[in-house]
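For reference, the structure discussed in these notes is given below.
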Amino acid sequence: MSKKILIVGGVAGGASVAARARRLDEHADVIMFERGPHVSFSNCALPFHLSGIVENSDDLVLMSPQQFKKQYNIEARVSSEVVKINRDEKTITIKNLETGELYDESYDHLVLSPGANPIVPPLEGIDGPNVFTVRNVVDIAKLNAYVQQEGIKNVAVIGGGFIGVEVAENLNMAGYNVSLVEFANQIMAPFDYDMAQLLHKEMMDKGVDLVLSDGLAKVEEGSIELQSGKTIAADAVVLAIGVKPETTLATEAGLELGETGGIKVDHNYLTSDQSIYAVGDAIEVYHKLTHKPTRLALAGPAQRQARAAADHMYNRPHRNTGVIGSSCIHVFDQNAASTGLNEKDAQKAGIQYDFVYIIPGDKVGLMPESNPLHFKLLYEYPTGKILGAQAIGKGNVDKRIDVIATMITMGGTLEDLKELELCYSPMFGTAKDVVNFAALVGLNILNGDFKQVPVTQVRELVENGAYIVDVREKHEYAQGHLKNAVNIPLSEIRDRLDEIPKDQPVYLHCRTSQRSYNAVMALQHLGFENVTNISGSFLGISLYEYFNDQVNDREKIVTDYNFK
Ligand SMILES: Cc1cc2nc3c(=O)[nH]c(=O)nc-3n(C[C@H](O)[C@H](O)[C@H](O)COP(=O)(O)OP(=O)(O)OC[C@H]3O[C@@H](n4cnc5c(N)ncnc54)[C@H](O)[C@@H]3O)c2cc1C
């Protein structure tokens, strides 16, 4: 007898389970229930409708129920909310949202892929017609229609995660005055505070009013009030402060939840009921690196889980490798990507780590559109096992991060990354790719070849009058330098050794740390025992300091910045 597979949710996870089940079994009865009017739409492309990159909201819908029926013989019932799971009878109760009719369907396998809901805090004015969330095509079309009304100029986006940043960027590109309010002291949590400064600068440069360490308190007509008491002009407000897994159906049916609040699943995405699977944003997953349960609201994992669940229904084995969390985002002219653990994650998980921060060119410098690529690589101390990476730049950061994601998945170390043979031509990269380069620096640090301090400690060094040597050429120094740095170019350093003290720590930097690394090594060989490289050097310092200098109106530690 053929199987009957019912699926709750018809987008990333739901549609993927349905398609995979059909490929494995031409005779199965596959029915997808979707509460909204659309199945299989591109959630990830929703914000791009606001700038017109995706001109028509209809284009966000990838497949209609008719196409599902014709091409895959899958029934997609839209405007159909599953309101109850009757586990004893192995049926679900569905409400037809157009007619109000309630009816039951039986299942052999039930798959829950209901996703996650935007969090809406109970604040004054939050129910107003000027407050929006972004989850589906209806939401984005509604927001776009609202802001296009005559007179709408100011939009406040609350929350600096992926959705908030993308919405802010696309509204800014459409010509609105956009404020982005974030409760934490940085946007984009997958990045560490130091790397996030590059994104802060980019937002600020492009005219987004970025307000950090503050939260929404109240929505009024034409403005919002923040917890600090600050008022911001806002004709429309977009809430993007996070999502919570949709677990109501599962909870009411007595299915077990995990400690993070997501639906608990086993190796094969089976819930505590052996006839019910759950996948996607609603579930709790296992983190490969922290070995702890976590939640991960990303499309790739949802689709992989969906395939694994369908495979399990047909006795196909699947190796559950856990998640590492790989993601990327476009922030105006910068691309940003990350994978695995950042410093905050490693500290929380109690993992001993060290990191390198390098800024090589993303291509050979002679090539058009060669740009610095800011790359931070975390590895476990003392094993050198690769834990994570963050990359920001105008070039292809995703390629570099995908290499690191592969390394992490395969349990790679700095040695493996150093030896990794990657393709090269000047238009694409450098012979020693950014990722190889990061491994070499990491190994040097791990082997104790030299010491380094991060850009985050430079302000303290400057304020405490540390002895800092800037080894860039004189004309570079003249354009902007650390206030108390002494300029001894690398090309002169061997002739000016008597200017460098031996009885106190000496910190060296150049533009990106390549020349200062060479200077540090030379000095060490010449008998200087207390020399330290400043990782990130003047470019990294300038970018790290800039945003806080502007918003906090504090004294600069540089005479002028260098961002190139
Ligand atoms: C604006 C935006 C941008 C994003 N960008 C990215 C990105 O760039 N990269 C990335 O990896 N991820 C991105 N994501 C996240 C990604 O879309 C989700 O991780 C993925 O869609 C999760 O799949 P899912 O099937 O669990 O949930 P969803 O795709 O959200 O599908 C769940 C569906 O279930 C329906 N549903 C819920 N309960 C019921 C019920 N009781 N009955 C019937 N139907 C029900 C809901 O209406 C919903 O349509 C983005 C998400 C958003 C909102």
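A search for C-beta distances below 6 Å between a residue of region 278-306 that is closer than 11 Å to I263 by Cα and among the aromatic types (F, W, Y) and any residue that is open to solvent by 40 Å² or more (accessible area, probe 1.4 Å) and away from the ligand (no atom under 11 Å from the Cβ), counting only pairs 6+ apart in sequence or on different chains, returns nothing.
Of the candidates V157, V165, V137, V147, the single residue that is modelled with pLDDT of 95 or more, under 30 Å from D29 (Cβ atoms) and within 16 Å of the ligand (Cβ to nearest atom) is V137. Check region 385-398 and report whether any residue there is open to solvent by 40 Å² or more (accessible area, probe 1.4 Å), touching a residue at least 24 places away in the same chain (Cβ under 8 Å) and under 18 Å from M188 (Cβ atoms). Looking for residues that are open to solvent by 40 Å² or more (accessible area, probe 1.4 Å), touching a residue at least 24 places away in the same chain (Cβ under 8 Å) and under 18 Å from M188 (Cβ atoms), one finds at least one in region 385-398, hence yes.
State all residues of region 114-134 that are closer than 11 Å to A236 by Cβ and within 15 Å of the ligand (Cβ to nearest atom); if no residue qualifies, say none.
Kept after step one, since they are closer than 11 Å to A236 by Cβ, are these residues of region 114-134: 128-132.
The one that is closer than 11 Å to A236 by Cβ and within 15 Å of the ligand (Cβ to nearest atom): F132.
Sort through R77, R87 and tell me the only one that's of a type in the set (K, R) and within 15 Å of the ligand (Cβ to nearest atom).
Working: R87 fails: within 15 Å of the ligand (Cβ to nearest atom).
Every option except R77 fails the conditions.
Among the residues of region 407-455, which ones are among the charged types (D, E, K, R) and not in a strand (DSSP E or B)? Passing the criteria: E415, D416, K418, E419, E421, K432, D433, D449. Being open to solvent by less than 20 Å² (accessible area, probe 1.4 Å), more than 28 Å from V208 (Cβ to Cβ) and of a type in the set (D, E): is that true of D354 here? Spelling it out, it is not the case that D354 is open to solvent by less than 20 Å² (accessible area, probe 1.4 Å), more than 28 Å from V208 (Cβ to Cβ) and of a type in the set (D, E).
As a summary of the residue check, S370 satisfies the conditions (1) surrounded by 21 or more Cβ atoms within 10 Å (Cβ to Cβ); (2) not assigned by TED's automatic domain parsing to the domain that holds D108 except for the one numbered (1).
Pairing each residue of region 25-52 that is modelled with pLDDT of 95 or more and open to solvent by less than 20 Å² (accessible area, probe 1.4 Å) with any residue that is more than 8 Å from the ligand (Cβ to nearest atom) and of a type in the set (D, E), provided the two are 6+ apart or on different chains, yields C-beta distances under 6 Å for I31/E75. Taken over region 42-74, the criterion of being within 12 Å of the ligand (Cβ to nearest atom), of a type in the set (G, A, S) and part of a helix (DSSP H, G or I) is satisfied by A45 alone. The set of residues in region 247-264 that are in a loop (DSSP other than H, G, I, E, B) and within 12 Å of the ligand (Cβ to nearest atom) comprises T247, A253, G262. The set of residues in region 308-362 that are within 20 Å of I392 (Cβ to Cβ), in a loop (DSSP other than H, G, I, E, B) and touching a strand residue (DSSP E or B) at 6+ places or on another chain (Cβ under 9 Å) comprises I324, G325, S326, L341, N342, I359, P360, D362.
The values are calculated or read from the model by the stated rules, or taken from the named source; none is laboratory data. All values derive from a computational prediction rather than experimental measurement. Here the Cβ is made from the backbone with ideal geometry for all residues, glycine too, and neighbour counts use every protein chain on show. Surface areas here come from the heavy atoms of the whole protein model, side chains and all, with no ligands, DNA or RNA. Shrake-Rupley method; radii C 1.70, N 1.55, O 1.52, S 1.80 Å.
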